[in-house]
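Report on one structure; see the data block that follows.
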Amino acid sequence: MRLALFQMNSVDRSVPDTVALCDQACAQAKAGGADLIVFPEMALSGYNIGRDRIHQLAEPADGPMVQSLIEMARRHDLAVLCGFPERHGDRVYNAAALVDCSGEVLSICRKTHLFGDVDRAAFSAAECLCPLVQFKGWSLGLAICYDIEFPELVRTYALQGAEAILVPTANMAPYIGVATRMVPTRAEENEIYMAYANRVGSEGAFDYCGLSCVAGPDGQDVARAGTGQEMIFADLSKTHLSNVRSALSHLRDRRADLYR
């Protein structure tokens, strides 16, 4: 399976303008042979844009923003994972929709761990983890940004059988260690692939640090971006995954009796 990660420049755009940019990125990803493209956290609306604007833009999972992703996926014959503000009743979630190339919505992932005042002012936290998703023979976990900074979440997905975790994010300076140290560590200690799609540029007081990456199950970079807008590609290999899992034994050697 080939992934594309679009490291998007954060500027103040309308939702239609962002949809047009994402559509162009889908075309580029498809031309590069990708099966699935991952966009950043809250890609369609912007992230650090204030509670009022987030709540004004928030839509249900069957609203126009997700419909635009469905149309994109069908038009480009490409699966899409993209962040948006989801309204559900009187709550608004920091969410991401995964749509397959036929236009079927495979999952709506909601952020479980809220980071700082920006998240807590605008969003409700998800009440449970997002179920694993099956795509092209791969078992995928979905998480959003801060979620993967909690080892328990990633380990839970690994124990459920995840082979890769896809992570839309909006990570800012000075927290570059998440991309450079934490993502590879999560991958290696759980013997899985980790795909981390970040933003660049500025939004309010946030300067996004880029460094989007795909880390392999051995913790080594499969692909890594710099600090500007760009697209990176990564090939995920079941053979490599199997070989690493034969050589490493973190999951097999766990002493669950000690961790209660």
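The simple spin-label model puts a point 7 Å past each Cα toward its Cβ; for residue 17 and residue 235 those points are separated by 3.8 nm.
Among 217, 174, 184, the largest mean-square fluctuation in a Gaussian network model of the chain, built with springs joining Cα atoms closer than 10 Å, belongs to 174.
In Å, what Kirkwood hydrodynamic radius results for the stretch 140-255 from the alpha-carbon pair distances?
14.3 Å
As I understand it, the value is the acute angle between the Cα axis of helix 15-31 and the longest principal axis of the Cα atoms of the chain; what does it come to in degrees, rounded to 10? Tilt relative to the chain: about 40 degrees. Between residue 61 and residue 31, the contour length at 0.36 nm per residue exceeds the Cα-Cα span by 8.0 nm. Neighbours of residue 215, meaning other residues whose beta-carbon lies under 14 angstrom from its beta-carbon, give a summed charge of -4 when Lys and Arg score +1 and Asp and Glu score -1. Taking label positions 7 Å along the Cα-Cβ direction at both residue 156 and residue 104, the computed distance is 2.6 nm, reported to one decimal.
For the chain, modelled as a GNM whose springs connect Cα atoms under 10 angstrom apart, the maximal fluctuation among 52, 119, 100 occurs at 52. A Stokes-Einstein calculation at 25 °C with viscosity 0.890 mPa s, built on the Kirkwood radius of the stretch 141-202 over Cα pairs, returns a diffusion coefficient of 211 µm²/s.
For the chain, the mean residue ellipticity at 222 nm estimated from helices alone is -8000 deg cm²/dmol, where every DSSP H run of n ≥ 4 contributes -39500 (n - 2.57) and the total is divided by all residues, rounded to the nearest 500. Once the Kirkwood radius over Cα pairs is known for the chain, the Stokes-Einstein relation at 4 °C and 1.567 mPa s delivers a diffusion coefficient of 72 µm²/s. What the Cα atoms of the stretch 1-50 give is an Rg and a Dmax of 11.5, 37 Å. Averaged per residue, the chain has 41 square angstrom of accessible surface, using a 1.4 angstrom probe with ligands and nucleic acids left out. Here the simple spin-label model places points 7 Å from the Cα toward Cβ, and for residue 254 and residue 125 these points are separated by 2.1 nm.
Just tell me the longest site-free run in the chain, where the sites are GluC sites (Glu not before Pro) in a DSSP loop having at most 13 other beta-carbon atoms within 10 Å.
128-260
The apolar share of the surface of the chain, taken as the fraction of accessible area on carbon and sulfur atoms (1.4 Å probe, ligands and nucleic acids excluded), comes to 49 percent. In terms of its C-alpha gyration tensor, the stretch 55-192 has an oblate overall shape, because the principal axis ratio a/c (a ≥ b ≥ c, square roots of the eigenvalues) is not below 1.5 and a/b does not outweigh b/c. Computed on protein heavy atoms with a 1.4 Å probe, the accessible areas place 136, 238 in the order 136, 238, largest first.
The values are calculated or read from the model by the stated rules, or taken from the named source; none is laboratory data. Since we're looking at a predicted model, the values are computed, not measured. Reconstructed Cβ throughout: ideal geometry from the backbone, glycine too, with neighbour counts over all protein chains shown. In case anyone asks, the SASA skips ligands and DNA or RNA and just uses the protein heavy atoms, side chains included. Shrake-Rupley method; radii C 1.70, N 1.55, O 1.52, S 1.80 Å.
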